Ligand SMILES: Nc1nc2c(ncn2[C@@H]2O[C@H](COP(=O)(O)OP(=O)(O)OP(=O)(O)O)[C@@H](O)[C@H]2O)c(=O)[nH]1
Ligand SMILES: [Mg+2]
């Protein structure tokens, strides 16, 4: 999975939030200008690959509380990538690739990100992309289109999730910031999802999520002290980040500690924490959970899991088949032409790919199906998970007989629905895909019975 987006969109911070640890350098350190791969490993190690085939182990440093990699004197233009191994279960399922922000200001750095995501010759190095943006700029749209071509091509992009990043900043630190961010995200979704350049648009406050996941006891204590202060004093100091750290305001908590809180949680996170503590959140771990819940990180994880995690094999297969098509494109021997035709048919006919494409579009295309029908169809085609019971809306304990009966009922339901004379073409296809998904459950069940 690759994190991409414009300069300072919050990619590295979000990576840290996903992993729950400070492992990716953020801000202006020079190593953020290099494409960096994060994988699970038995021990921490950071290696720069440079020139054609040279490698150098890099030291991990902390400068003024910020993590950075010491490039050991190699100039950045010689480094092709940095590889980080880290012992954490959060990386076990996917490798995460952090890319330098793209901007028109530094064409060379943007070029590296583009080369990874949408190489000239085709064949993206990434199966799935999380694209971060603070607002939708023309450059984001163009890059998304190129990524789409790299990841999924003419058959429709697979696996691009949009994130409205730094969502806490949308409301200028107000308590309803995330609600405002959700509105902005929905508006962006309305613009982006129909064209298929991405499959979801989720507001996430990455800084808050990271601060919350790594919340320390003494930070909780300081927040509790702030929440015990008279409201007019607290609100008076919260008017700006500068006021919040002024030594003469908020005497209950020393200015240094306040500066750390502002750095790690942002003003919105502080305001939210104080509100939560005032309404009865009594300890650091509860506060951490509540803040993570409100940061949008859980929604992003759920989307990653349903769109990518459970379908990692499908996404890889899709990339591989497309790669094969590209390689065979100029071939003229009968054998190559035959393989090419087979690969093209697989791309068009594979039910897994159809499910993914439909999932990306069904919520946004006005196709005449009712809201509850769409919800059922989304679940049936794997929008909430690819397990057979999840697809059929049954409890995990449902018996094979119950699964069998429910699958049969769904096949009939969606075949009948597809035959409705007034349904538009998109809806007919969607219903057929649903029926086919239910047939898949049944076929699997029959195999399992026999095995
Ligand atoms: N308020 C707020 N600030 C954030 C958030 N995420 C990141 N930041 C800040 O934004 C700045 C840039 O964050 P990074 O994570 O380095 O952004 P990036 O996209 O990796 O930046 P480049 O790799 O240099 O393009 C840092 O000062 C972060 O602390 C967020 O969710 N909320
Ligand atoms: Mg970065």
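For the stretch 1-35, enumerate the residues that are within 10 Å of ligand 1 (Cβ to nearest atom), closer than 17 Å to residue 93 by Cα and in contact with a strand residue (DSSP E or B) (Cβ under 6 Å, 6 or more places away or on another chain).
Within the stretch 1-35, 3, 15 meet the criteria.
Exactly one condition in (1) over 30 Å from residue 256 (Cβ atoms); (2) outside any loop (DSSP other than H, G, I, E, B); (3) at pLDDT below 85 is false for residue 120; which is it?
Failing condition for residue 120: (2).
Let me spell it out: the conditions are (1) more than 22 Å from residue 304 (Cα to Cα); (2) in a helix (DSSP H, G or I), and residue 434 meets all of them except one. Which number is the exception?
Status for residue 434: all satisfied but (1).
Is it fair to say residue 143 is at pLDDT 75 or above, within 16 Å of ligand 2 (Cβ to nearest atom) and part of a helix (DSSP H, G or I)? Can you show your working first?
Details: at pLDDT 75 or above: yes; within 16 Å of ligand 2 (Cβ to nearest atom): yes; part of a helix (DSSP H, G or I): yes.
Here the answer is yes, as residue 143 does meet what is asked.
Cβ-Cβ under 6 Å, sequence separation 6+ or interchain: first residue in the stretch 77-96 and within 17 Å of residue 55 (Cβ to Cβ), partner at pLDDT 85 or above and not in a strand (DSSP E or B). Which pairs?
From residues that are within 17 Å of residue 55 (Cβ to Cβ), the pairs are 78/51; 79/34; 81/35; 82/34; 85/41.
Please return the ranges of helices (runs of 4 or more DSSP H) entirely within the stretch 163-250 where 2 or more residues are free of Cβ contacts under 8 Å to residues at least 24 places away in the same chain and under 19 Å from residue 10 (Cβ atoms). Break it down into steps so the answer makes sense when it comes.
Details: elements: 177-192, 206-213, 217-227, 231-237, 241-244.
Output list reads 177-192.
If I filter the stretch 67-82 down to residues being buried (at least 18 other Cβ atoms within 10 Å of the Cβ) and away from ligand 2 (no atom under 13 Å from the Cβ), which single residue comes out as farthest from residue 35 (Cα to Cα)? Explain how you work it out, then say what you get.
Residues of the stretch 67-82 that are buried (at least 18 other Cβ atoms within 10 Å of the Cβ), as a first pass: 67-69, 71, 79, 82.
Filter again for away from ligand 2 (no atom under 13 Å from the Cβ), leaving 71, 79.
Working: 71: 13, 79: 9 Å.
Checked the stretch 67-82; the qualifying residue farthest from residue 35 (Cα to Cα) is 71.
Only one of 378, 390, 441, 386 is free of Cβ contacts under 8 Å to residues at least 12 places away in the same chain and buried (at least 16 other Cβ atoms within 10 Å of the Cβ). Can you tell me which?
Values: 378 fails: free of Cβ contacts under 8 Å to residues at least 12 places away in the same chain; 441 fails: free of Cβ contacts under 8 Å to residues at least 12 places away in the same chain; 386 fails: free of Cβ contacts under 8 Å to residues at least 12 places away in the same chain.
Checking each option against the conditions leaves just 390.
Looking at (1) away from ligand 2 (no atom under 16 Å from the Cβ); (2) part of a helix (DSSP H, G or I); (3) at pLDDT 75 or above, which is the only condition residue 150 fails?
Of everything listed in (1) away from ligand 2 (no atom under 16 Å from the Cβ); (2) part of a helix (DSSP H, G or I); (3) at pLDDT 75 or above, residue 150 misses just condition (3).
Select from the stretch 235-266 the residues that are within 27 Å of the chain's Cα centre (by Cα), at pLDDT below 95 and crowded, with 21+ Cβ neighbours inside 10 Å and list them in ascending order.
Result: 266, single match.
Considering (1) at pLDDT 80 or above; (2) in contact with a strand residue (DSSP E or B) (Cβ under 6 Å, 6 or more places away or on another chain), say which one residue 335 fails and leave the rest.
Unmet condition: (2).
Within the stretch 17-24, identify whether any single residue is crowded, with 24+ Cβ neighbours inside 10 Å, more than 9 Å from ligand 2 (Cβ to nearest atom) and within 20 Å of residue 163 (Cα to Cα), and answer yes or no. It would help to see each step written out before you state the result.
From the stretch 17-24, those crowded, with 24+ Cβ neighbours inside 10 Å are 17-18, 24; that's our starting set.
Next, only the ones that are more than 9 Å from ligand 2 (Cβ to nearest atom) stay: 17-18.
Those left that are additionally within 20 Å of residue 163 (Cα to Cα): 17-18.
Looking through the stretch 17-24, at least one residue is crowded, with 24+ Cβ neighbours inside 10 Å, more than 9 Å from ligand 2 (Cβ to nearest atom) and within 20 Å of residue 163 (Cα to Cα).
Just to verify a result, which residue in the stretch 51-66, among those that are at pLDDT below 85 and farther than 17 Å from residue 30 by Cβ, is nearest to ligand 2 (Cβ to nearest atom)?
Kept after step one, since they are at pLDDT below 85, are these residues of the stretch 51-66: 52, 62-66.
Filter again for farther than 17 Å from residue 30 by Cβ, leaving 52, 65.
On the way: 52: 26, 65: 17 Å.
Residue satisfying both the conditions and the ranking: 65.
Just need a number here: residues in the stretch 1-13 that are near ligand 2 (Cβ under 10 Å from one of its atoms) and closer than 22 Å to residue 58 by Cβ. Before you say what the answer is, go through the steps one by one.
Start the filter on the stretch 1-13 by keeping residues that are near ligand 2 (Cβ under 10 Å from one of its atoms), which leaves 3, 5, 7-13.
Okay, now just the ones that are also closer than 22 Å to residue 58 by Cβ, so 3, 11-13.
Adding up the residues that qualify gives 4.
Of all residues in the stretch 88-102, how many are closer than 23 Å to residue 29 by Cβ and away from ligand 1 (no atom under 16 Å from the Cβ)?
Kept after step one, since they are closer than 23 Å to residue 29 by Cβ, are these residues of the stretch 88-102: 88, 90-91, 95-102.
Okay, now just the ones that are also away from ligand 1 (no atom under 16 Å from the Cβ), so 88, 90-91, 95.
Going through the stretch 88-102 one residue at a time, the tally reaches 4.
Every residue, every condition in (1) surrounded by fewer than 18 Cβ atoms within 10 Å (Cβ to Cβ); (2) at pLDDT below 90; (3) touching a helix residue (DSSP H, G or I) at 6+ places or on another chain (Cβ under 6 Å), yes or no:
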position: 183; (1), (2), (3): yes, no, no
position: 199; (1), (2), (3): no, yes, yes
position: 203; (1), (2), (3): no, no, yes
position: 218; (1), (2), (3): yes, no, no
position: 223; (1), (2), (3): no, no, yes
position: 233; (1), (2), (3): yes, no, no
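The values are calculated or read from the model by the stated rules, or taken from the named source; none is laboratory data. Predicted model, so just to flag it, every value in this text is computed and none were measured. Here Cβ is always computed from backbone atoms with ideal geometry, including for glycine, and neighbour counts include all displayed protein chains.
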